[in-house]
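**Student:** If you scroll down you'll find the structure; I have some questions about it.
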Amino acid sequence: MKMDLFSQTEDSARQGRAPLAARMRPQNLDEIVGQEHLLGRGKLLRRAIETDQLGSLVFYGPPGTGKTTLAYVIAKTTKAHFTKLNAVTSGVADLRKVVQEAEERAKYYWQGTLLFIDEIHRFNKAQQDALLPAVEEGKLVLIGATTENPYFSVNAALVSRSRIFRLEPLSKEDILTLLRRALEDKKRGLGNYRCAIAPEALLHLAEAARGDARLALNGLELAVLSTMPNEQGVRVIDLAVAEESIQERAIVYDKMGDQHYDVISAFIKSMRGSDPDAALHYLARMLAAGEDPRFIARRILIHAAEDVGLADPMALVVAHAAAGGLEMVGLPEGRLLLAEAALYIACAPKSNSVLAIDRALDDVKQGKYGAVPLHLRDAGYPGAEQLGSGKGYRYPHAYPDHYVEQEYLPAEMKGAKYYHPSGMGEDLGPRSKRKDDKDKKQQQE
């Protein structure tokens with residue numbers, strides 16, 4: 001006999017005790033709003049659900065994007081037995097019990113089992129390892145839901161045996177659709193209340209939710225239920241009520257997962273792309289989310305050398321000063337130092353010519369190097385002269401312009417070119433090239 005995963009939620013919804021977001025949970029695929037890249041007509045996930053041909057999969061995305069909703073729809077459409085565990089409250093013993101029941105169900109009733117695990121990233125390694133054999137042997141089909149990137153937080157063996165579906169934050173238009181649906185629905189929503197909600201109030205709820213449908217619906221419910229009807233029996237909800245009803249949401253930022261890497265990547269690329277406003281935006285997101293400011297300072301230092309480099313050597317000085325000053329003053333004042341360094345780098349001319357070191361390292365690792373030329377070898381020890389060390393070396397400061405032509409690379413590496421000046425800012429190339437250019441210019445004059 002098939003278990004109804006959400007029977008308790010539906011019972012409480014009928015009695016009006018469940019939150020609006022739970023009551024308005026879509027009943028089928030057609031009621032789901034958003035996620036067209038996964039659930040649009042003809043898309044793989046939609047076809048798999050409609051034909052009841054699901055393999056193990058993981059739903060991954062921010063809160064309120066429909067991960068549990070998809071599990072709800074699958075529970076209603078699959079012929080397999082559907083059971084649910086929550087990684088926060090379940091242990092290895094619970095997993096073993098589910099696996100045993102799945103084996104008995106397959107043996108005696110010829111029925112498969114779909115196991116939905118909410119917050120699967122909270123399972124530790126031992127719990128995930130206990131689940132792996134059952135998934136690998138086909139004793140059950142796993143459906144996991146997580147707000148964290150499964151490639152960081154879920155056992156690699158489980159990930160390799162599952163399809164990963166990433167759910168995106170809902171658009172403002174998607175959330176407006178859900179809010180209007182809730183206001184009109186008399187059975188599950190707020191349609192039995194006489195409400196007059198200002199367009200700007202509804203828009204604020206949709207925008208403030210930032211892609212989280214649950215947050216928007218709960219904010220709407222609070223606005224309606226906390227507003228007393230006027231003399232005509234109408235609950236008037238204006239912008240001020242909406243602002244009070246939906247509080248500022250916590251910044252979605254997992255310091256150990258993909259948000260950490262995505263935001264710092266965007267921060268660096270914004271500085272590299274010379275966009276100071278975007279750089280400040282991502283810096284603010286990291287600071288507001290509690291990112292380690294020393295980590296930010298280190299990334300700014302690296303960027304100053306890698307992407308500004310010789311075009312403006314002062315960028316590295318500013319970045320180093322900001323990092324040192326941060327250690328002295330800490331936060332919140334340290335935000336100003338980080339902002340100054342980020343702005344300086346974003347506005348500076350760019351050159352990545354220092355990456356020449358990577359080309360040189362590649363050659364050395366491949367064995368492309370030779371003996372140090374005799375004239376460059378150390379001549380400061382007894383017997384060096386007899387060995388020929390230092391013989392023929394030309395001291396640049398003894399020549400005009402403090403420069404003289406001579407070979408510095410090993411004979412085997414003669415002609416190797418690693419450094420390619422960008423021509424930006426101060427990155428004008430070696431003295432030899434500058435001297436040649438100067439001589440040519442003088443000859444032309």
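**Student:** Condition check: among the aliphatic types (A, V, I, L, M), touching a residue at least 24 places away in the same chain (Cβ under 8 Å) and not assigned by TED's automatic domain parsing to the domain that holds Leu316. Does Ala379 satisfy that? Steps first, please.
**Tutor:** Details: among the aliphatic types (A, V, I, L, M): yes; touching a residue at least 24 places away in the same chain (Cβ under 8 Å): no; not assigned by TED's automatic domain parsing to the domain that holds Leu316: yes.
Answer is no for this residue.
**Student:** Determine, yes or no, whether Tyr408 is exposed (fewer than 11 other Cβ atoms within 10 Å of the Cβ), without any contact (Cβ under 8 Å) to a residue 12 or more places away in the chain and either in a loop (DSSP other than H, G, I, E, B) or not assigned by TED's automatic domain parsing to the domain that holds Phe267 (or both). Steps first, please.
**Tutor:** Details: exposed (fewer than 11 other Cβ atoms within 10 Å of the Cβ): yes; without any contact (Cβ under 8 Å) to a residue 12 or more places away in the chain: no; either in a loop (DSSP other than H, G, I, E, B) or not assigned by TED's automatic domain parsing to the domain that holds Phe267 (or both): yes.
The answer is no for Tyr408.
**Student:** Among the listed residues Pro421, Pro430, identify the single one that is at pLDDT below 85 and not charged (D, E, K, R). Even if it seems obvious, please write down each step before you answer.
**Tutor:** Working: Pro421 fails: at pLDDT below 85.
The conditions single out Pro430.
**Student:** Condition check: out of contact with any helix residue (DSSP H, G or I) (no Cβ under 6 Å at 6 or more places or on another chain), more than 30 Å from Met424 (Cβ to Cβ) and not polar (S, T, N, Q). Does Leu374 satisfy that?
**Tutor:** For Leu374, the condition - out of contact with any helix residue (DSSP H, G or I) (no Cβ under 6 Å at 6 or more places or on another chain), more than 30 Å from Met424 (Cβ to Cβ) and not polar (S, T, N, Q) - is met.
**Student:** Of all residues being among the charged types (D, E, K, R) and not in a helix (DSSP H, G or I) in the range 254-309, which is modelled with the highest pLDDT? Just the residue, please. Step through it out loud before you land on a result.
**Tutor:** If we filter the range 254-309 for residues that are among the charged types (D, E, K, R), which is where we start, we get 254-255, 258, 262, 269, 272, 275, 277, 285, 291-292, 294, 298-299, 306-307.
The next check asks that each one be not in a helix (DSSP H, G or I); those that pass are 254-255, 275, 291-292.
On the way: Asp254: 54, Lys255: 52, Asp275: 93, Glu291: 83, Asp292: 84.
The extreme case among them is Asp275.
**Student:** Can you report the number of residues in the range 374-391 which are assigned to a loop (DSSP other than H, G, I, E, B) and either exposed (fewer than 11 other Cβ atoms within 10 Å of the Cβ) or of a type in the set (Ser, Thr, Tyr) (or both)? Walk me through how you get there before you give the answer.
**Tutor:** Here is the first cut: in the range 374-391, the residues assigned to a loop (DSSP other than H, G, I, E, B) are 377-383, 388-391.
The next check asks that each one be either exposed (fewer than 11 other Cβ atoms within 10 Å of the Cβ) or of a type in the set (Ser, Thr, Tyr) (or both); those that pass are 378, 380-383, 389.
Residues that pass the stated criteria total 6.
**Student:** Given the range 19-75, what helices (runs of 4 or more DSSP H) lie entirely inside it while holding 3 or more residues that are buried (at least 19 other Cβ atoms within 10 Å of the Cβ)?
**Tutor:** Counting at least 3 such residues, we get 20-23.
**Student:** So, in the range 338-365, exactly how many residues are touching a residue at least 40 places away in the same chain (Cβ under 8 Å), crowded, with 18+ Cβ neighbours inside 10 Å and part of a helix (DSSP H, G or I)?
**Tutor:** So the first thing to find is which residues in the range 338-365 are touching a residue at least 40 places away in the same chain (Cβ under 8 Å), and the list is 338-339, 341-343, 345-357, 359-360, 363.
This time we only want the ones that are crowded, with 18+ Cβ neighbours inside 10 Å, so: 338, 341-342, 345-346, 348, 350-353.
Add one more test, that the residue is part of a helix (DSSP H, G or I), and what stays is 338, 341-342, 345-346, 353.
Qualifying residue count, the range 338-365: 6.
**Student:** OK, next. Does Gly219 satisfy being surrounded by fewer than 21 Cβ atoms within 10 Å (Cβ to Cβ) and either farther than 24 Å from Ala80 by Cα or more than 26 Å from the chain's Cα centre (by Cα) (or both)? Walk me through it before giving the result.
**Tutor:** Details: surrounded by fewer than 21 Cβ atoms within 10 Å (Cβ to Cβ): no; either farther than 24 Å from Ala80 by Cα or more than 26 Å from the chain's Cα centre (by Cα) (or both): yes.
Judged against the criteria, Gly219 is not a match.
**Student:** Oh, and also: So Gly324 fits all but one of (1) touching a Lys or Arg at 6+ places or on another chain (Cβ under 8 Å); (2) modelled with pLDDT of 90 or more; what number is the exception?
**Tutor:** (1)
**Student:** Which count do you get for residues in the range 298-314 that are surrounded by fewer than 23 Cβ atoms within 10 Å (Cβ to Cβ) and under 21 Å from the mean Cα position of the chain (by Cα)?
**Tutor:** Qualifying residue count, the range 298-314: 3.
**Student:** Just name the residue that is surrounded by the fewest Cβ atoms within 10 Å (Cβ to Cβ) out of those in the range 188-215 that are touching a Lys or Arg at 6+ places or on another chain (Cβ under 9 Å) and closer than 21 Å to Thr68 by Cβ. Let's see the steps before the verdict.
**Tutor:** Going residue by residue through the range 188-215, those that are touching a Lys or Arg at 6+ places or on another chain (Cβ under 9 Å) are 188-189, 192-197, 202-203, 206-212, 215.
Retained after the next criterion (residues that are closer than 21 Å to Thr68 by Cβ): 188-189, 206, 209-212, 215.
Details: Arg188: 19, Gly189: 22, Ala206: 27, Ala209: 25, Arg210: 17, Gly211: 24, Asp212: 22, Leu215: 20.
Once the filter is applied, the top-ranked residue is Arg210.
**Student:** Also, quick follow-up: Would you confirm, using the coordinates I've provided, whether Arg163 is among the basic types (Lys, Arg) and under 26 Å from Val33 (Cβ atoms)? Working first, answer last.
**Tutor:** On the way: among the basic types (Lys, Arg): yes; under 26 Å from Val33 (Cβ atoms): yes.
So Arg163 fits the description; yes.
**Student:** Being touching a Pro at 6+ places or on another chain (Cβ under 8 Å) and polar (S, T, N, Q) is the filter here, so list the residues in the range 58-99 that pass it.
**Tutor:** Thr65, Thr69
**Student:** Let me ask another. Among what's in the range 76-129 and is surrounded by fewer than 19 Cβ atoms within 10 Å (Cβ to Cβ), of a type in the set (Lys, Arg) and farther than 21 Å from Thr65 by Cβ, pick the residue that is nearest to the chain's Cα centre (by Cα).
**Tutor:** Step by step, filter the range 76-129, then rank; the result is Lys125.
**Student:** Farther than 26 Å from Asn28 by Cβ and crowded, with 21+ Cβ neighbours inside 10 Å: is that true of Leu158 in this structure?
**Tutor:** Details: farther than 26 Å from Asn28 by Cβ: yes; crowded, with 21+ Cβ neighbours inside 10 Å: yes.
It is true that Leu158 is farther than 26 Å from Asn28 by Cβ and crowded, with 21+ Cβ neighbours inside 10 Å.
**Student:** Taking the condition of being basic (Lys, Arg) and at pLDDT 90 or above, how many residues in the range 66-96 meet it? Let's see the steps before the verdict.
**Tutor:** Initial filter on the range 66-96 (basic (Lys, Arg)): 67, 76, 79, 84, 96.
Filter once more, so that each one left must be at pLDDT 90 or above: 67.
Result for the range 66-96: 1.
The values are calculated or read from the model by the stated rules, or taken from the named source; none is laboratory data. Every value quoted in this text rests on a predicted model; they were computed, and no experiment measured them. So basically every Cβ, Gly included, is an ideal-geometry build from the backbone, and we count neighbours across all protein chains shown.
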